[in-house]
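Accompanying notes for the structure given below.
The values are calculated or read from the model by the stated rules, or taken from the named source; none is laboratory data. As the structure is a computational prediction, the values presented were derived from the model and not from experiment. Heads up, the Cβs are rebuilt from the backbone with ideal geometry, glycines too, and the neighbour counts pull from every protein chain shown. The area values use the complete protein model at the heavy-atom level, side chains included, leaving out ligands, DNA and RNA. Shrake-Rupley method; radii C 1.70, N 1.55, O 1.52, S 1.80 Å.
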Amino acid sequence: WKRRPLAVLSLPFASRENKAGETCCRELMLGKVSVVVAEAPARLGIGGKLWDAALALVAHVGRTSGNDECVHGKRVLELGSGVGAVGIGARLFGASRVVLTDIEDVVPLLEANIELNHVESVTAVALDWIQ
């Protein structure tokens, strides 16, 4: 990475309805693209936190932006999205449509993060591949 992909903000959510139990947010700065994600680890456990693997993957997607293997113009399905950073980043890097999936309890957090980033053509759906 030419630039550190993560600047951390820890701010309580008080200005909007808090359906997902968000406690803080993080901003990922990737060149000119910024992805803001709320986290709710106390309520959702591992599904409610931003993982280092997501940071690496969204940075990779951003780094390959403009190359043949990039997401530009493609449809993206993210399995086990957690906070949705990778999928939202993919949309901001030019994916035509993104579907974020996770278990039903995590979907409100995904929807909150879609709203935080003001992205269109991104939806969150419940998908439990264990059942």
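Sorted by average packing, counted as other Cβ atoms within 10 angstrom per residue and highest first, what order do 51-63, 76-88 take?
On the way: 51-63: 17.6, 76-88: 23.6.
Descending packing order for the listed peptides: 76-88, 51-63.
Over every pair of different alpha-carbon atoms in the range 56-110, take the mean of 1/r and invert it; report that Kirkwood radius in Å.
Details: mean 1/r = 0.0891 Å⁻¹.
After inverting the pairwise mean of 1/r, the radius is 11.2 Å.
Per residue, what accessible area does the range 50-121 have, given a 1.4 Å probe and all protein chains present, in Å²? Please report the intermediate quantities before stating the final value.
Numbers: 3550 Å² over 72 residues.
Using a 1.4 Å probe on heavy atoms only, each residue of the range 50-121 averages 49 Å².
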